[in-house]
Structure formats: C-alpha cells, structure tokens
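Down below is the structure, laid out as structure tokens.
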Amino acid sequence: MWYTIGQKRALTLLQGGLQQGRVAHAYLFTGPAHVGKMTLARDMACALNCSAAKPPCGECTSCRRIQEGKHADVLEIGLGKNEEGKIKTEISIEEIRQLQHSANLPPFEGKCRVYIIDGAEGMSTEAANCLLKTLEEPQDKVVFILLTAKERLLPETVISRCQRLELKPVPIEEAKQALIERWKVPDGKADLLARLSHGSPGWAVNNIDDSQLDKYKAQIDEIITTTEAGLEERFDYAAQLATEFGQSREKVQEKLSMWLDWWHDLLLNKCKLEEKITNIDRKDILKKTTEILELSQIRETISAIIAAGEQLKLNANARLTLEVLMLSLPATRQTGMNLTTGIIK
Ligand SMILES: [Zn+2]
C-alpha cells in the first residue's frame, strides 16, 4: 500500500529498485511544497522495513509504527518548531551528528534504518559538510532520504551523492479521486480542493476541514471586495498587507498567489475556458467581473501582480509596492474612474 498520490514515474523507479535489490544509500526527493515528498519518504521507509510478502503492506506492525512516527529505526528531522515551541530556521551540525551516531548501530526493531531530512536545504553549511562524509561512505541497512522544495539551495556535492527523484504536480482528477476514495470528501468539495491545491495534494488534505477552507474563502472574498472597492479601501488593504509582510513574508506571497489565481480565472473566463478555472465555487462572480473587463486589463493586472511579488522578493518597500499594485488594478465604477480608460472623473 503506497499512500503517495500520483507520481507514477518516481514510484516505478523506487519499486523497481526494491524488487531488484538495488536500493540507493541516499535519495533526494524534490518538488513543490505539499506535493507528497514526505508521504513518499514514509512509504519508502515502510517498503524497506515491511514484513509482508508485498511491501509496503500498510498493515504490519512496522508499516503502522512508521506511519504513526513511532518506529525506532525511522527518524525524521527538519525545520519547523522545536521542542520548546520556537521556530527552528536551521538544521544544525549537532542534529546530523546524532543521526550519524545512530546510523552506526544496527537496526533496532526493523530491517533498515531510514533517516528522513525534511527541508534539507535548511542544513547549515557545517551540517551539510558533515552529512556529506556519511553519504560518501555508505553503510549497509542505512538509507538517507533528503526532501526539498528549494533544491538550488542545496550544495551540489550533496545532490551528486543522492539518487534524485523529482515529484511533479498531481493532475486535478487524480487528486480529486484520492480525496473522494481515501478521505471520503464529497464530490464537489473534492473537485474544488483538488483545483485549489495546484497539484499539491497535501495542501488539499490540510484544508479538508471546513474551518480551514472557510479561512481560504474569506481571503478570496477580500480579493473580490478590494477589486470592487474605491481607492481608499484599496490603500487600506495595501497597508494591512504591508503590516502582515513585516510578520510573515511567506503569507503575503501566498496571498499574492491567490490574487494571481483569481485574475488567471478571469483570464480563462474571458478566453471561454471556464472548465479550467480554479475557483469553481465562484463561477457567477467571475463571469460577472469578466463581462466588465477588457482582456488587456486582465493581462496587465496579472503582470502587475507578478511584478509586485518579484519586487517584494527583492526587498522593495512593501507598502509602496503594494500601493502601486492597488493602483494598477482596473478601475471600477465604485472608484469613480472610467473602467476602460482608468482616468479619474
Ligand atoms: Zn508492512
């Protein structure tokens, strides 16, 4: 039982290696956030330790303990919160040394020790160099699996020591079917979640809960309201985003991605490709908005959103950048501007 959704190529390679006894000592799984890197790593850990005839069975003690994060031979380290609840921004050399120490011991309860390093790009230079030594001297019954969404931040020397597998975005239909069959999500909601996830099923699973999905919908409401609002409200929104940017750059980039999704949907509508839209629960408002916009306005807005995102990455003044973006949005009746010319009356 492989829990990974999609990723036929990666699965074929791993399964082929397992059947022929050609398992690499180190793997590198790359791909966007939530695409399924950790799920695949746990599947592989199960396959290496499973006691059934057709591993991974998903039911034996080893498989279950690995999936529950309780197996003594399968260790996951990564960024995120540490034991004291503080955000960890780096994987330290001490953590890698601890892994190396335990890797010298024979497996405790299974057949193979598996070390999963999530967000491997977060290793400090010393940590990466330290790991490199282990990767250069592979040991029996020890497998390292490095996961990263930012491969370019990993040292080339580490990458070259791993078997690299690139995980691709999962097609909407495949993600939708998995949500229906495995998580019993109703058809319409599964379709919406699969589209919103942009090929990263982990995002969809994290948002199955209505309260999570409602938060997402509230942000889309904000985008619709801001698009229809006058300049004052738009500038208030820019100020609010600029404040959020001070606290979390990532969250603001996520919001800009939602803006991009929304305007991409308007573009698809304008081009009569409604079946491809992401926000399928907003078909009516998308259609209505499309009718009052020119294709060129939609295109220019998309460029402006992309430009704002890029400028923020380059440390431009957040408030100014976001205000310029708000000014770039096509004027609507409420702003007192002429919709087609953009000139204030
Ligand atoms: Zn099993």
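Please treat every number below as a calculation from the coordinates, not as lab data. Computed from a predicted structure; not experimentally measured. Note that each Cβ is placed from the backbone with ideal geometry, even for glycine, and that neighbours are counted across all protein chains shown.
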Residue by residue through the stretch 281-290, the couplings from Karplus 6.51 cos²θ - 1.76 cosθ + 1.60 with θ = phi - 60°, in Hz, x for Gly and Pro, are 7, 10, 3, 5, 5, 4, 5, 4, 5, 4
The stretch 117-250: relative contact order from alpha carbon pairs under 8 Å, six or more residues apart, as a whole percent, is 16
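Assuming R0 = 30 Å, what is the FRET efficiency of T243 and L153, from their Cβ-Cβ distance, to the nearest 0.05?
Efficiency, from the Cβ-Cβ distance: 0.60.
Could you work out [θ]222 nm for the chain from helices alone, using -39500 (n - 2.57) per DSSP H run of at least four and dividing by all its residues? Round to the nearest 500 deg cm²/dmol.
Rounded to the nearest 500, the figure is -17000 deg cm²/dmol.
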Quick calc: nm separation of the 7 Å Cα→Cβ label points for E254 and E109 -> 3.3
Under the 7 Å Cα-to-Cβ spin-label approximation, L11 and A316 lie apart by a distance in nanometres of 4.3
Checked the chain with the C-alpha gyration tensor, a ≥ b ≥ c its square-rooted eigenvalues, rounded below a/c of 1.5, otherwise prolate if a/b is larger than b/c and oblate if not; verdict prolate
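Rounded if a/c is under 1.5, else prolate if a/b is larger than b/c, else oblate: which is the stretch 203-270, with a ≥ b ≥ c the root eigenvalues of its Cα gyration tensor? Write down the numbers at each step before the final one.
On the way: a/c = 1.76, a/b = 1.16, b/c = 1.52.
Because a/c hits 1.5 or more and a/b fails to exceed b/c, the stretch 203-270 counts as oblate.
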Set K111/K176; K287/K313; K8/K288; K88/K313, cut-off 29 Å on Cα-Cα distance; pairs above it are K111/K176; K287/K313; K8/K288
Row for the stretch 125-260, column shape: gyration tensor on C-alpha, a ≥ b ≥ c, rounded if a/c < 1.5 i.e. under 1.5, prolate if a/b over b/c, else oblate; value oblate
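Test of understanding: what is the full-extension gain from A72 to I292, defined as 0.36 nm times their sequence separation minus their Cα-Cα distance?
Working: separation 220, 0.36 × 220 = 79.20 nm, distance 6.09 nm.
Fully extending the segment from A72 to I292 adds 73.1 nm.
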Distance in nm between D284 and R64 label points, each 7 Å along Cα→Cβ, equals 4.9
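With respect to the cross-link table entries K70/K141; K54/K141; K184/K283; K86/K133, which display a Cα-Cα separation exceeding 21 Å?
Pairs exceeding the cut-off: K184/K283; K86/K133.
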